[in-house]
1. Taking the condition at negative phi and at pLDDT below 95, does Leu143 pass?
2. Please determine whether any residue of segment 218-230 is at pLDDT below 95, farther than 30 Å from Leu37 by Cα and charged (D, E, K, R).
3. In segment 139-159, what count of residues is obtained for those that are more than 20 Å from the chain's Cα centre (by Cα) and either under 28 Å from Thr114 (Cβ atoms) or not in a helix (DSSP H, G or I) (or both)?
4. Only residues that are β-branched (Val, Ile, Thr) and open to solvent by 10 Å² or more (accessible area, probe 1.4 Å): list them for segment 52-84, please.
5. Could you say which residue among Thr152, Thr103, Thr99, Thr114 is surrounded by fewer than 13 Cβ atoms within 10 Å (Cβ to Cβ) and at pLDDT 95 or above?
6. What single numbered condition from (1) under 30 Å from Arg126 (Cβ atoms); (2) open to solvent by less than 30 Å² (accessible area, probe 1.4 Å); (3) outside any helix (DSSP H, G or I) fails to hold for Arg194?
7. Could you tell me whether segment 236-250 includes any residue that is modelled with pLDDT under 95 and either open to solvent by less than 10 Å² (accessible area, probe 1.4 Å) or more than 17 Å from Thr168 (Cβ to Cβ) (or both)?
Amino acid sequence: MTKSPTARFSDRVENYVRYRPGYPPEVLDLLHAECGLQPSHIVADIASGTGVFTRLLLENGNSVIAVEPNTEMREMGVHQLESFQSLESNGRLVSVAGTAEETTLRSASVDFVTAAQAAHWFDLPRARAEFARILRQGGWCVLVWNERLTETTPFLRDYEQLLLTYGTDYKEVRHERTTAMIHEFFAPALADERVFDLRQQFDYEGLAGRLLSSSYAPLEGHPSHVPMMQELQRIFRAHATDNGVEFEYNTRVYYGHLDNQKKRSSL
């Protein structure tokens, strides 16, 4: 049975924290330059997960409302951001149980809405309406993905084939539809796009953790788990250099206004 998007990562939170990539600092540089992001701005980080992108915003000085529906991910996010706990009493960090479609936030209450590695799980029309509702007039919507490259090296080609062979629903959820989805989300307005390079290097333990952090990777007890891990070992032995392999990503940042934003009184 396929899990709902809000429950997909409940049983792999630890691997998600340890092995998922962060985001290059150039993303914040872009938001400063193109969107006028300032520390005084209030940001709603939607589907904040374990707080990877939330941390960047907090380090920038922003007040952040981290909205996350998955209990395990949300609690881990609070734990991961414990160095910012002293900020909570000042209102700079607030963790909220909510979804992209129902954030629970007040209308016209934030300057930016961000969603990192998440918007492909949203009910897009409902999420768009909700983002437009909570954004102040002239506010920015920013969608970010780390897009794992699949064809640039022999290792990445073999890893992609492993996912196609053993992934439970990999074909359905991989990010090939991102560009079309973005156009639909921002339409009739257009989003601007920037792309940055990002890399991760792994020994075998890290590679296995990275694989098992993915929602479509079968876990222990699934009939495909053992053959998948055997194939992963083969791939690692075939391609490791200095006992390591490298993931390559394009970090894609889409940013723009939602054309139907209206100035509203807070409800």
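1. When the stated conditions are applied, Leu143 does not pass them.
2. Yes: segment 218-230 contains one or more residues that are at pLDDT below 95, farther than 30 Å from Leu37 by Cα and charged (D, E, K, R).
3. 5
4. Correct list: Val52, Ile65, Thr71, Val78.
5. Of the residues listed, the single one that is surrounded by fewer than 13 Cβ atoms within 10 Å (Cβ to Cβ) and at pLDDT 95 or above is Thr152.
6. (2)
7. no
One line per residue, one yes/no per condition, for (1) outside any helix (DSSP H, G or I); (2) open to solvent by 10 Å² or more (accessible area, probe 1.4 Å); (3) small (Gly, Ala, Ser):
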| site | (1), (2), (3) |
| --- | --- |
| Met181 | no, yes, no |
| Phe185 | no, no, no |
| Gly206 | no, no, yes |
| Gly209 | no, no, yes |
| Ala217 | yes, no, yes |
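The values are calculated or read from the model by the stated rules, or taken from the named source; none is laboratory data. Because the structure is predicted, anything quoted here is derived from the model rather than measured. Heads up, the Cβs are rebuilt from the backbone with ideal geometry, glycines too, and the neighbour counts pull from every protein chain shown. Surface areas here come from the heavy atoms of the whole protein model, side chains and all, with no ligands, DNA or RNA. Shrake-Rupley method; radii C 1.70, N 1.55, O 1.52, S 1.80 Å.
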